[in-house]
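S.K.: This is the structure I want to talk about, given as structure tokens.
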């Protein structure tokens, strides 16, 4: 059976007349008769009795009409929800965020969705890249916003780089290092706690290349956690030095090193390859492009 046949059933039940129903449904009367007859053949029982010039529902026809109306209503609602989801006005989106993009994107994203797309359900999960990738593969997340270089290339993941942002060593205003007039060496930093989120292999390579083996994060980072907001707060109230995306802590003082750090983070949107993305995901993509920049 088809939705068209069910709509023909409803129209005929409401008018009781093949001619009026055919006119209302913009089909010929013979076409409507064939549609009803085919539906009766499939269901195995008559839906209508001929009473004079009027068609009246049989007992089975009344049951069929009740179910037909519900099916047509459900189909209409499904079509409408599809349109709303396509336009970002309904549905849900589940995003995993790394520490860097999470610090800059999470609150603006939640605020934007609450004000511009209040019917969309948004769930944000924070954590390390490996755990987030696992959740994406298990389909408990729809997409990730992480440092693209921290995701190993695999056939089942699609990594779309959307923003590249500059990293820096930073400290609080009034920090002893901020009062130095000459560029600092990496050894100058080692005299203070160094704070960082987990860093990608690419950033580790750049650090070692610039400043030697002792600059590897496993050796030099003394304060490490996934939440960059916590690290920023620690640096604001101590002599610790933060290694992070410059834009993540605009109130801190950037330290000039020789040689210059010249390291960046490439933030990307990670989704399952070959799978349809959540309809609300373009909203997230546009917000990333608008907010994640130096």
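S.K.: Evaluate the chain: find the radius of gyration of its Cα atoms, find its Kirkwood radius, and give the ratio Rg to Rh. Please list the in-between numbers first.
M.R.: Working: Rg = 31.0 Å, Rh = 23.6 Å.
Ratio of gyration radius to Kirkwood radius for the chain: 1.31.
S.K.: For an R0 of 45 angstrom, estimate the FRET efficiency from the Cβ-Cβ distance between residue 238 and residue 121 and round to the nearest 0.05. Don't skip to the end; give the middle numbers.
M.R.: Details: r = 39 Å, r/R0 = 0.87.
Using R0 = 45 Å, I get an efficiency of 0.70.
S.K.: May I ask you to derive the FRET efficiency for residue 293 and residue 223 from their Cβ-Cβ distance with R0 = 35 Å, giving the value to the nearest 0.05?
M.R.: 0.85
S.K.: Tell me, in nm to one decimal, what length is gained between residue 204 and residue 272 on full extension, where the rule is 0.36 nm per residue of separation less the Cα-Cα distance?
M.R.: Working: separation 68, 0.36 × 68 = 24.48 nm, distance 2.71 nm.
Extra length available between residue 204 and residue 272 comes to 21.8 nm.
S.K.: What's the FRET efficiency of residue 178 with residue 158 using the Cβ-Cβ distance as r and R₀ = 51 Å, to the nearest 0.05? Working shown, then result.
M.R.: Details: r = 42 Å, r/R0 = 0.83.
Given R0 = 51 Å and the Cβ-Cβ separation, E is 0.75.
S.K.: Right, here's the next one. Measure nothing fancy, just the Cα-based angle from helix 201-211's long axis to the longest principal axis of the chain, in degrees from 0 to 90, nearest 10.
M.R.: 20
S.K.: Give the Kirkwood hydrodynamic radius (Å, one decimal) of the range 166-264, defined as one over the mean of 1/r across all pairs of different Cα atoms. Intermediate values should be presented prior to the final figure.
M.R.: Numbers: mean 1/r = 0.0757 Å⁻¹.
Kirkwood radius, the range 166-264: 13.2 Å.
S.K.: Related question: For the chain, what is the calculated [θ] at 222 nm in deg cm²/dmol (nearest 500), taking -39500 (n - 2.57) for each run of four or more DSSP H residues and dividing by its residue count? Let's see the in-between values first.
M.R.: Numbers: 11 runs with 130 residues, N = 294.
Only helices count here, giving -13500 deg cm²/dmol.
S.K.: I've got another one for you. For the chain, what's the relative contact order in percent, using C-alpha pairs closer than 8 Å and at least 6 residues apart?
M.R.: Numbers: 482 pairs, mean separation 65.5, N = 294.
Reported relative contact order: 22 percent.
S.K.: Give me the distance between the Cα centres of the range 195-261 and the range 94-162, rounded to whole Å.
M.R.: 23
S.K.: Which order do the peptides 114-124, 163-173, 13-23 take when ranked by the mean count of other beta-carbon atoms within 10 Å per residue, highest first?
M.R.: Order by mean packing, descending: 163-173, 13-23, 114-124.
S.K.: Helix 3-15 sits at what angle to the longest principal axis of the chain, using alpha carbons and giving 0 to 90 degrees rounded to 10?
M.R.: 50
S.K.: Convex hull over the alpha-carbon atoms of the range 3-86: what's its volume per residue in Å³? Show your work: numbers first, answer last.
M.R.: Details: hull volume 7.9 nm³, N = 84.
So the per-residue Cα hull volume is 94 Å³.
S.K.: Also, I was wondering about something else. Along Cα→Cβ, 7 Å out, is where each label goes; now give me the distance between the ones at residue 139 and residue 20 in nm to one decimal.
M.R.: If labels sit at residue 139 and residue 20, their model points lie 4.8 nm apart.
S.K.: What per residue convex hull volume, in Å³, comes out for the range 35-128 when only alpha-carbon positions are used?
M.R.: Values: hull volume 14.8 nm³, N = 94.
Taking only Cα atoms, the range 35-128 has a hull volume of 157 Å³ per residue.
Bear in mind these aren't lab numbers, they're just calculated from the coordinates by the rules spelled out. These numbers come from a predicted model, not from an experiment. For neighbour counting, all protein chains shown are included, and Cβ atoms are generated from backbone atoms with ideal geometry for every residue, glycine included.
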